[in-house]
Each structure stands twice: as structure tokens, then as C-alpha cells.
Amino acid sequence: MAGPIEQFEVKPLVEFGTVNVPVLGEQVIAITNSHVAMTIAFVGVVGFLSLATSGAKVVPGRMQAAGESLFGMVDNLANSIIGHEGRKYFPFAFTMFLMVLSMNLLGMFLTFTATSQLAVTVTLGLIAFLTVVVVGLVKNGVGFLKLFWPAGAPLLLRPFVGLIELVSFLLRPITLALRLFGNMLGGHVALKIFAQFVVQLGAAAIVTGGLAYALIPVAALSLGMTVAMTALEFLVAFLQAFVFTVLTCIYLNDVVNLGDGH
Amino acid sequence: MDAEAAKYIGAGLATLGMIGSALAVGNIFGNFLAGALRNPAAAASQVGNLFVGAALAEALGILAFVLGVLMIFG
């Protein structure tokens, strides 16, 4: 039986041969299952929003209401965290939210979760981080460095507090990426392990017979556990997308409203 | 000791870091409930903060998990 970690393997589906990249050496160009999962997620988001906005009415139908509530939630979030300039950054936050959400949710339906790949989550984390840096530099110029100069701290302590601020600032993309990656990886591994118990213990009970029939309740318990964890994983899939968006907004707020005191 | 065995023991020890994360997440939700029951009107506005706090606390537990995974597969 496949191990619990094998579901995260990136497999090439259509290969186009190898190319020689200067620094990285020989690389295989292929459409992988990761590629397919991300494309389905993207098409799903675009399809969902076009369906939700096609034939928009004053009194929304089901599809439109679903789209509007998602839109309204992130809009509310961006405005309450970033303030009156939140609208400007709303498209970025909404894009991030929908992409992470759809990749997380697709992981519950497909055999492969795109967000359980560190490469994918690090890319998302870096996009969020670099956006924050670029927005900060464009909006504040050199004043961006005030982020690492805590005016509230005693003068003697400021360099040290600033250094800690700098390190925690540089760690942001890593924690963003690891949180998403770890949650998706951990959840799916646990799900798979409990699902394996059902089959393995059930098979052991039937094959061995006799006293081993006592394993049947344990297998049934694992089955219940699998169902409960599946429900939990849906919650986690949504929650992690939400948290990713909230944190992106908070980081953006740091540089957009720099020095306004908050 | 066999290096392979030490790897698994290390991975097991790394998961102990999740204890702290579990305490932290429980603390956050417990305190939220305590606060929400005292002032239910203000509770809804703090749900966002609740989840951000829970996510920040949980991230450290996830780091312990990632360390364990790195020890076995790294």
C-alpha cells in the first residue's frame, strides 16, 4: 500500500524532454500533477466568479450571493485592517485568498494538494512579501526603514529592538509559507494514516479471524475519525486561506500606514 | 546507537514542540470564550483577531512538525 507521504509526490504527466538551464543543470520540462491541480484551481476561481457575476441582479441568486459574500468578506477585511486605503489593495488580497482557498479545497477532492508543496507556498509567501516591500518603498521611499526604528522604545534600546524587528520582518515569508504548507501537509498525512488503519486493521481482522475480530471496532473508530477529520480539513482549508489573507493585509498595513501610530 | 534509530527518536522528540502550541491555541480560544461570554456584543468583531492569534500560535507547532519531517526525510 502507498505510504502516507506518497500523495505529495510530483509526477510528470506529459513530458517535453530536458533542457540545460545554466545554473540549475539538466531540468525536465513536463506538465505535472501539481501543474494540473493549480490550473484546475485557477479555472475554478475564474469560472466561479464569472458564473457569479453573469446576469447580476439586484436581488442576488444563489451563485451571486455566494460570490458576493466571499467578495464582501475580503473587502471588509482589507478595509478594517488597512483603513480607507484598503480598497486599493483589495484586488491583491482577494486574488491571494481565492487562489489559496481553491488550491486548498481542491486538495480535498483531488489526489494532490498544490499547497502541500513547499515550492508553491514559498512562491505565494514571497509574492506577498515582495509586494509589501515594493509598496513600502514606493509609498515611503527611504522612510520605509522607519519600520525598523521603533520610535516608542527608549533610545538606548532602539537598535536592538530594530534588529529584532528586521529579523522578524525577514522571517515573514518563511512563516507564511511554512504555516500553509505545514497545515496542509499535516492534515493530509493524518487523514491518510487514519484511512490506512481502517483498511489494514479490517483486513487483519478478517484474514486472521478468531481473537483478531476485536480489531473491527478499532477499524470502525478509525473510519469515524476519518470522517470527522475530513470535516475538520475543510475548515482548515478555509481557515488557512483566511489567515494567509489576514496576515498579508496586516503586513501591507504596516507599510501603507507607516508612522501613523497603530 | 544506530544513526537511523537516532533519526526517528529525534523526530519524535521534535513533535514535543507541539505541546506548547496546543497550550497556546487552547489559551487563545479559552480566553476568547471567557471574554465573549462577558461581552457578547463585542465578540463578533474580534473573531478575525482570534483566528490570527490562533494561526500565529499554531505556526510554531507546525515548525516543530516540519522539523520532525525534515529529520526523517531530509
Quiz prompt | Rounded, prolate or oblate (a/c below 1.5 giving rounded, otherwise prolate when a/b exceeds b/c) for chain B by Cα gyration tensor | solution = prolate
Quiz item: Which listed residue (A:ILE127, A:ILE5, A:PRO91) has the Cα farthest towards the positive end of the charge dipole for the protein assembly as shown, taking +1 on Lys and Arg C-beta and -1 on Asp and Glu C-beta about the Cα centre?
Solution: A:PRO91
Quiz item: Near the amide H of A:THR32, under 5 Å away, which other amide H atoms are found, from residues 5 or more places off or on another chain, if H is placed in the peptide plane?
Solution: A:LEU13
Self-check item: Tilt relative to chain B, helix B:3-14 - C-alpha long axis, 0 to 90 degrees, to 10
Solution: 10 degrees
Exercise. May I ask you to order A:242-254, B:55-67, A:205-217, A:84-96 by the average number of other C-beta atoms within 10 Å around their residues, highest value first?
Key: A:242-254, B:55-67, A:84-96, A:205-217
Quiz item: So, in Å, what gap is there between the alpha-carbon centers of segment A:214-237 and segment A:50-117?
Solution: 29 Å
Exercise. Per residue of segment A:230-244, in order, report the coupling 6.51 cos²θ - 1.76 cosθ + 1.60 (Karplus, θ = phi - 60°) as ³J(HN,Hα) in whole Hz, putting x for Gly and Pro.
Key: 4, 4, 4, 5, 4, 4, 5, 4, 5, 4, 5, 5, 4, 5, 4
Exercise. Pop a pseudo-label 7 angstrom from the Cα along the beta-carbon direction at both A:VAL161 and A:VAL28 and give the gap in nm to one decimal.
Key: 5.3 nm
Quiz item: Which lysines does A:LYS11 reach when only Cα atoms under 25 Å apart count, and residues fewer than 8 places away in its own chain are ignored?
Solution: A:LYS192
Exercise. Take the alpha carbon atoms of segment A:184-209, find their center, do the same for segment A:2-26, and report the distance between the two centers in whole angstrom.
Key: 28 Å
Quiz item: So what is Rg over Rh here for the protein assembly as shown, counting just Cα atoms and using Kirkwood for Rh?
Solution: 1.01
Exercise. Note down the relative contact order for chain A as a percent, whole number, built from C-alpha pairs under 8 angstrom at least six residues apart.
Key: 22 percent
Quiz item: Put a dot 7 Å past each Cα toward the Cβ at B:SER45 and A:THR53; how far apart are the dots in nm?
Solution: 3.2 nm
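How high is the FRET efficiency from A:GLN200 to A:THR39, r the C-beta distance, R0 45 Å, rounded to 0.05?
For R0 = 45 Å, the calculated efficiency reads 0.85.
No lab work stands behind these numbers, since they all come straight from the coordinates. As the structure is a computational prediction, the values presented were derived from the model and not from experiment. Positions of Cβ are backbone-derived with ideal geometry, glycine not excepted, and every protein chain shown enters the neighbour counts.
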